[in-house]
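The values are calculated or read from the model by the stated rules, or taken from the named source; none is laboratory data. Since the structure is predicted, the reported quantities are computational estimates derived from the model, not experimental observations. When we count neighbours, we look across all protein chains shown, and the Cβ atoms used for this are built from the backbone with ideal geometry, even at glycine.
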Amino acid sequence: MSLTIEFLGHSGFILTDGTHVLVIDPYLSGNPVAVKTPESITCDYIALTHGHSDHIGDTVAIATRNNATVVASFEIANMMSDSGVKKIEPINHGGRIATAFGWIAFTHAFHSSSYQGTYMGMPCGIVAHIGGKTFYHCGDTGLFGDMALIGEIYKPDVAAIPIGDRFTMGAELGTRAAEMIGAPIAIPIHYKTFDLLAQTAEGFSPSGITVKELAPGESVSLP
């Protein structure tokens with residue numbers, strides 16, 4: 001089994017084991033760094049960390065066209081259903097669901113979550129087991145001590161960690177987060193997209209961990 005991880009830009013990813021495809025936070029329309037369009041995305045599942053528009057992005061259009069299952073917090077799942085998405089899997093912190101490729105679990109994240117002025121539940125992190133590998137997307141978050149516990153429990157092979165500062169951790173705290181989680185590979189996210197965010201990954205240098213800085217459209221494969 002193997003896993004290919006493609007970076008969509010900002011905080012978005014495509015994960016595939018060669019058979020099934022999971023998309024996380026598909027913010028493409030209006031994303032100044034995106035190189036893919038919503039119409040180019042083919043997937044079985046979409047998972048959302050929280051309700052902000054730069055994370056929900058093009059979920060409704062992609063899910064509707066692909067008849068994909070959207071996995072999200074209870075409030076976001078309800079909103080997706082109201083928007084015409086036929087297949088939803090509501091979930092919340094600490095929960096885990098089986099999927100065609102493995103499983104998805106949701107963790108804590110410390111941020112906010114709303115969509116067009118409506119409360120969208122608590123923000124989350126996502127742990128996905130696909131292709132025999134485990135991928136931890138921290139979501140938009142500040143540093144918190146239970147990141148070490150999440151690493152201990154799920155033992156992720158890869159962690160996607162926000163480092164853009166202002167709205168999430170910056171590089172210094174992201175470095176601490178990566179070391180606490182302990183995944184052998186760390187991918188920096190949520191930076192460089194907008195002027196208010198950090199424009200480089202400088203300072204993101206966790207000890208003993210390989211940093212994979214990906215440009216939108218680039219990917220990394222885990223055999």
Check your understanding: Within the bounds of region 207-220, is there any residue that is over 23 Å from PHE167 (Cα atoms), part of a loop (DSSP other than H, G, I, E, B), under 17 Å from the mean Cα position of the chain (by Cα) and not β-branched (Val, Ile, Thr)?
Key -> yes
Check your understanding: Does ILE187 satisfy being of a type in the set (Val, Ile, Thr), outside any loop (DSSP other than H, G, I, E, B), buried (at least 18 other Cβ atoms within 10 Å of the Cβ) and touching a His at 6+ places or on another chain (Cβ under 7 Å)?
Key -> no
Study note, to complete from the structure: Note on region 92-112: residues touching a Gly at 6+ places or on another chain (Cβ under 6 Å) and over 21 Å from LEU173 (Cα atoms) are PHE106
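Could you list all residues from region 24-34 that are in contact with an Asp or Glu (Cβ under 9 Å, 6 or more places away or on another chain) and either of a type in the set (A, V, I, L, M) or surrounded by 17 or more Cβ atoms within 10 Å (Cβ to Cβ) (or both)?
Correct list: ASP25, PRO26, TYR27, LEU28, ASN31.
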Point to revise | Residues satisfying the stated conditions in region 148-171, i.e. assigned to a helix (DSSP H, G or I) and farther than 21 Å from TRP103 by Cβ | key: ALA148, ALA171
Point to revise | Per-region count, region 35-54, residues farther than 16 Å from ASP17 by Cα, surrounded by fewer than 21 Cβ atoms within 10 Å (Cβ to Cβ) and either among the polar types (S, T, N, Q) or more than 16 Å from the chain's Cα centre (by Cα) (or both) | key: 7
Point to revise | Condition check for ALA177: under 18 Å from the mean Cα position of the chain (by Cα), assigned to a helix (DSSP H, G or I) and at pLDDT 95 or above | key: yes
Study note, to complete from the structure: When region 108-137 is checked residue by residue, the ones that are within 20 Å of LEU196 (Cα to Cα) and touching a strand residue (DSSP E or B) at 6+ places or on another chain (Cβ under 8 Å) are SER113
Point to revise | Criterion: in contact with a strand residue (DSSP E or B) (Cβ under 9 Å, 6 or more places away or on another chain) and within 23 Å of THR141 (Cα to Cα) - qualifying residue of VAL71, VAL35, VAL60, VAL21 | key: VAL71
Exercise for review: Output the residues belonging to region 103-122 that are under 17 Å from the mean Cα position of the chain (by Cα), part of a loop (DSSP other than H, G, I, E, B) and touching a residue at least 40 places away in the same chain (Cβ under 8 Å).
Suggested key: ALA109, HIS111, SER112, SER113, MET120, GLY121, MET122
Revision key, fill the gap. The condition of being among the β-branched types (Val, Ile, Thr), in a loop (DSSP other than H, G, I, E, B) and within 20 Å of ILE14 (Cβ to Cβ) holds, among THR141, THR134, THR49, only for THR49
Review point. In this structure, is ILE14 closer than 16 Å to VAL158 by Cα and surrounded by fewer than 24 Cβ atoms within 10 Å (Cβ to Cβ)?
Key: yes
Check your understanding: Taking into account only those residues within region 62-79 that are in contact (Cβ under 8 Å) with a residue 24 or more places away in the chain and among the small types (Gly, Ala, Ser), which is surrounded by the fewest Cβ atoms within 10 Å (Cβ to Cβ)?
Key -> ALA68
Practice item. Tell me, please, whether a residue that is touching a residue at least 24 places away in the same chain (Cβ under 8 Å), within 17 Å of TYR27 (Cα to Cα), acidic (Asp, Glu) and crowded, with 16+ Cβ neighbours inside 10 Å can be found in region 138-159. Key: yes
